[in-house]
Amino acid sequence: MTTATRVALALLSGLALAAAFPKLDLSLLAWIAFVPLLYALVGLKPRQVFLYSWLQGFTCYVGSVYWIVFTLHNFTSIGLAVAVLPMLLLAGVLAIYTAGAFTIAVYAGARLRLPIVVTLPIAWTAIEWVRTYFPIGFPWNLLGYTAYQNLDLIQFVEFTGVYGLSALIMLANAVVFLILAQAGSRRLQAWSLAVLTFLMVGAELFGSLRLHRLARRSATGTLKVAMVQGNIPQSLKWDPRFLETSFQVYLDQSATAARRGADLIIWPEAAAAFFFQPEDRYPIQFAADEAYRQRLLRFAAHLGDPILFGAPALGVQDNRVGFYNRAYLVSGTGQVLAWYDKIQLVPFGEYVPLRSVFGFFVNRVVTGFGDMFPGRAQTIFELKGARLGVLICYESIFPNLARQAVKDGADVLVNITNDAWYGESSAPYQLLAMASMRAVETKVPMVRVANTGISAVIAPSGEITARTPLFTRGVESEIVRWRPERTLYTIIGDAFAETCFALMVIGLIAALVRPRYARPVESMSIPLSINGNPRYPGDPSGYH
């Protein structure tokens, strides 16, 4: 196979995977997207496996995070050509995870006589789990999210989290390759197909029964929520001259919601575009913010309905003045009941990781980066018999944050966000898809309220209802129903992914210490037995 052919296969694989995610939502492609890449890796040395896998990942992530160009170009001072560079850098970094998973899977499989259908799902799942937390945490578009619309299939994530779905999809890719390429013995192919079929049928049957049970069970609590979508342009949101107008938008829409009847009115992230402090104590220079605070509290008391909203708040940590990205709950009598500070901040947007390295460059791009303080603990809001756990912005893509809120007692998850940064790109659709998986994992409904959309209510089954269009202003009301239930994932967390990580580490160590020219069974090694032309890791022409 020529180098050009391998490059073409890697590019095709990356494009197919990118198309499987929202906005295109060609989800079936995810189940075969890696097959061209596996063909491209036939007979390659580890460093070559890394390079072609990296190319596939880079192509996929360019198609997934291209919206960064829109964000930087429209909301910072840098030009379009320069804005492309950070996007390419991020895609390149994320592609390292793809390359690492494939290199480890192929190398360990060849050295330990294990088929790719065993090593690849384990390595991929382990690396996705690592990407969730290290080095800065960016679990955007994990493979399992491509299946978010297949409600029957995805119900088993209440045991494994989204990582189990990623493993299943990767297993399907490996089995399809094994059969199409005749890359192993007939026995291996038959057993692999049988295991995949068993898992797929089992997942579908379980999902069907689970959905039937969810539909039949009666709710133990209900809450009528009003989702206020202000549709405030990001270019005007923090303009002091526009503050009165934007504030009035939320007051007017909330009044409309109150007339329709609501147990809780929810505004998006930072809808109150002024500093809102828990207590009525402000530095003199923030007297105007104090006045807006009083107006909001009087308004809630006038309506008689509680309001949950996002607002920045001043704070001091380690003798440094900064601010929090905060969610507040105000009662129908105008009292501040509780608040939650965002824990998982956006890297380079709300804080600068490794500031000593990146701080100079980032501060040159956007003034004020890195000044936000992270929260330290979840807050469970209690209202009319409901216990609410709040996730702010992209916290919804972190499975463990939602799980912890539910473990702490949340009956309903509330995700307030501002997706105006992304325009009409795929990002708002991807965020909605990722958020929906949190409801399935925990079997707890989620209310998602976004400044410019997409706002929605997500049932414990993952069904998305009351969905609003992008860039519209209005109020959507919906009755949210819940029944206390704790899934296995809620209880044990990422145990499945952590087990995969442990197996990967053990396998990698075993492969490294194995005698260098130990010759594995040829039918077990994907790059080494295609169409009757075997090559072995121990051969000079194979792995080194």
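The values are calculated or read from the model by the stated rules, or taken from the named source; none is laboratory data. Keep in mind it's a predicted model, so treat the numbers as computed, not measured. Methodologically, a virtual Cβ is constructed for each residue, glycine included, from the backbone with ideal geometry; neighbour enumeration extends over all protein chains shown.
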Q: Please specify each residue of segment 1-52 satisfying the condition of being touching a Cys at 6+ places or on another chain (Cβ under 7 Å) and more than 29 Å from residue 154 (Cα to Cα).
A: none
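Yes/no per residue for (1) in a strand (DSSP E or B); (2) more than 19 Å from residue 480 (Cα to Cα):
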{"site": "262", "(1), (2)": "no, no"}
{"site": "265", "(1), (2)": "yes, no"}
{"site": "270", "(1), (2)": "no, yes"}
{"site": "279", "(1), (2)": "no, yes"}
{"site": "288", "(1), (2)": "no, yes"}
{"site": "295", "(1), (2)": "no, yes"}
{"site": "298", "(1), (2)": "no, yes"}
{"site": "301", "(1), (2)": "no, yes"}
Q) Can you tell me which residues in segment 57-85 are over 20 Å from the mean Cα position of the chain (by Cα) and in contact (Cβ under 8 Å) with a residue 12 or more places away in the chain? A) 72, 74, 75, 76, 77, 78, 83, 84
Q: From (1) part of a helix (DSSP H, G or I); (2) more than 21 Å from residue 144 (Cα to Cα), pick out the condition that doesn't hold for residue 59.
A: (2)
(Q) With the requirement that a residue be within 24 Å of the chain's Cα centre (by Cα) and assigned to a helix (DSSP H, G or I), what does segment 211-238 give you? (A) 211, 234
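Got at least one residue in segment 469-485 being in a loop (DSSP other than H, G, I, E, B), at pLDDT 95 or above and among the hydrophobic types (A, V, I, L, M, F, W, C)?
Taking segment 469-485 and keeping what is in a loop (DSSP other than H, G, I, E, B), we get 469-473, 483-485.
From what's left, at pLDDT 95 or above: 469-473.
Right, trim to among the hydrophobic types (A, V, I, L, M, F, W, C) and you get 470-471.
Checked segment 469-485: at least one residue is in a loop (DSSP other than H, G, I, E, B), at pLDDT 95 or above and among the hydrophobic types (A, V, I, L, M, F, W, C).
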Q: Look through 37, 29 and report the one residue that is within 22 Å of residue 175 (Cα to Cα), out of contact with any Phe, Trp or Tyr (no Cβ under 9 Å at 6 or more places or on another chain) and either of a type in the set (Gly, Ala, Ser) or at pLDDT 95 or above (or both).
A: 29
Q: Residues being crowded, with 24+ Cβ neighbours inside 10 Å and in a loop (DSSP other than H, G, I, E, B): count how many of those fall in segment 29-45.
A: 3
Q) Hey, among 91, 83, which residue is at pLDDT 95 or above, closer than 30 Å to residue 420 by Cβ, in a helix (DSSP H, G or I) and assigned by TED's automatic domain parsing to the domain that holds residue 175? A) 91
Q) If a residue has to be free of Cβ contacts under 8 Å to residues at least 40 places away in the same chain and surrounded by 16 or more Cβ atoms within 10 Å (Cβ to Cβ) to count, how many in segment 315-345 make the cut? A) 6
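Taking the criterion of being in contact with a Leu (Cβ under 7 Å, 6 or more places away or on another chain) and not charged (D, E, K, R), would at least one residue in segment 481-497 satisfy it?
Initial filter on segment 481-497 (in contact with a Leu (Cβ under 7 Å, 6 or more places away or on another chain)): none.
No, segment 481-497 has no match at all.
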Q: Could you give me the residue pairs with C-beta distances under 6 Å whose first residue belongs to segment 372-394 and is on the phi > 0 side of the Ramachandran plot, whose second residue is buried (at least 18 other Cβ atoms within 10 Å of the Cβ) and of a type in the set (S, T, N, Q) wherever it lies, and which are 6+ apart or on separate chains?
A: 393/417
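Out of segment 178-197, which residues are part of a helix (DSSP H, G or I) and either among the hydroxyl-bearing types (Ser, Thr, Tyr) or within 28 Å of the chain's Cα centre (by Cα) (or both)? Please lay out each step first, then the result.
Pass one, segment 178-197, residues part of a helix (DSSP H, G or I): 178-180, 186-197.
Across segment 178-197, the qualifying residues are 192, 196, 197.
Would you call residue 13 assigned to a helix (DSSP H, G or I), more than 25 Å from residue 421 (Cβ to Cβ), in contact with a Pro (Cβ under 8 Å, 6 or more places away or on another chain) and without any contact (Cβ under 8 Å) to a residue 60 or more places away in the chain?
Details: assigned to a helix (DSSP H, G or I): yes; more than 25 Å from residue 421 (Cβ to Cβ): yes; in contact with a Pro (Cβ under 8 Å, 6 or more places away or on another chain): yes; without any contact (Cβ under 8 Å) to a residue 60 or more places away in the chain: yes.
For residue 13, the condition - assigned to a helix (DSSP H, G or I), more than 25 Å from residue 421 (Cβ to Cβ), in contact with a Pro (Cβ under 8 Å, 6 or more places away or on another chain) and without any contact (Cβ under 8 Å) to a residue 60 or more places away in the chain - is met.
Condition check ((1) of a type in the set (Asp, Glu); (2) modelled with pLDDT under 95; (3) closer than 25 Å to residue 443 by Cα) across all residues:
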residue: 201; (1), (2), (3): no, no, yes
residue: 210; (1), (2), (3): no, no, yes
residue: 240; (1), (2), (3): no, yes, no
residue: 250; (1), (2), (3): no, no, no
residue: 268; (1), (2), (3): no, no, yes
Q: Report, by residue number, each residue of segment 136-160 that is out of contact with any Phe, Trp or Tyr (no Cβ under 6 Å at 6 or more places or on another chain), part of a loop (DSSP other than H, G, I, E, B) and either under 16 Å from residue 99 (Cβ atoms) or among the aromatic types (Phe, Trp, Tyr) (or both).
A: 138, 140, 148
**Q.** Which listed residue is over 23 Å from residue 307 (Cβ atoms) and either of a type in the set (S, T, N, Q) or surrounded by 24 or more Cβ atoms within 10 Å (Cβ to Cβ) (or both), from 245, 256, 220
**A.** 220
**Q.** Condition check for residue 243: farther than 30 Å from residue 35 by Cα and without any contact (Cβ under 8 Å) to a residue 60 or more places away in the chain
**A.** yes
Q.
Among (1) loosely packed, with under 15 Cβ neighbours inside 10 Å; (2) modelled with pLDDT under 95, there is one condition residue 351 misses while meeting the rest; what is its number?
A. (1)
Q: Go through 475, 444, 449 for me and flag whichever is closer than 26 Å to residue 213 by Cβ and in the same structural domain as residue 309 (by TED's automatic domain parsing).
A: 444
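Condition first: farther than 21 Å from residue 470 by Cβ and crowded, with 18+ Cβ neighbours inside 10 Å. Now tell me which residues in segment 259-289 satisfy that.
First, pick out the residues of segment 259-289 that are farther than 21 Å from residue 470 by Cβ: 259-265, 272, 274-289.
Result: 262, 263, 264, 265, 272, 274, 275, 276, 277, 289.
Criterion first (within 30 Å of residue 170 (Cβ to Cβ) and among the polar types (S, T, N, Q)) does residue 245 satisfy it? Even if it seems obvious, please write down each step before you answer.
Values: within 30 Å of residue 170 (Cβ to Cβ): no; among the polar types (S, T, N, Q): yes.
Against the criterion (within 30 Å of residue 170 (Cβ to Cβ) and among the polar types (S, T, N, Q)), residue 245 does not qualify.
Okay, residues lined up against (1) over 16 Å from the mean Cα position of the chain (by Cα); (2) outside the structural domain of residue 65 (by TED's automatic domain parsing); (3) in contact (Cβ under 8 Å) with a residue 60 or more places away in the chain; (4) surrounded by fewer than 24 Cβ atoms within 10 Å (Cβ to Cβ):
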position: 400; (1), (2), (3), (4): no, yes, yes, yes
position: 412; (1), (2), (3), (4): yes, yes, yes, no
position: 415; (1), (2), (3), (4): no, yes, no, no
position: 419; (1), (2), (3), (4): no, yes, no, no
position: 422; (1), (2), (3), (4): no, yes, yes, yes
position: 437; (1), (2), (3), (4): no, yes, yes, no
position: 440; (1), (2), (3), (4): no, yes, yes, no
position: 508; (1), (2), (3), (4): yes, no, yes, yes
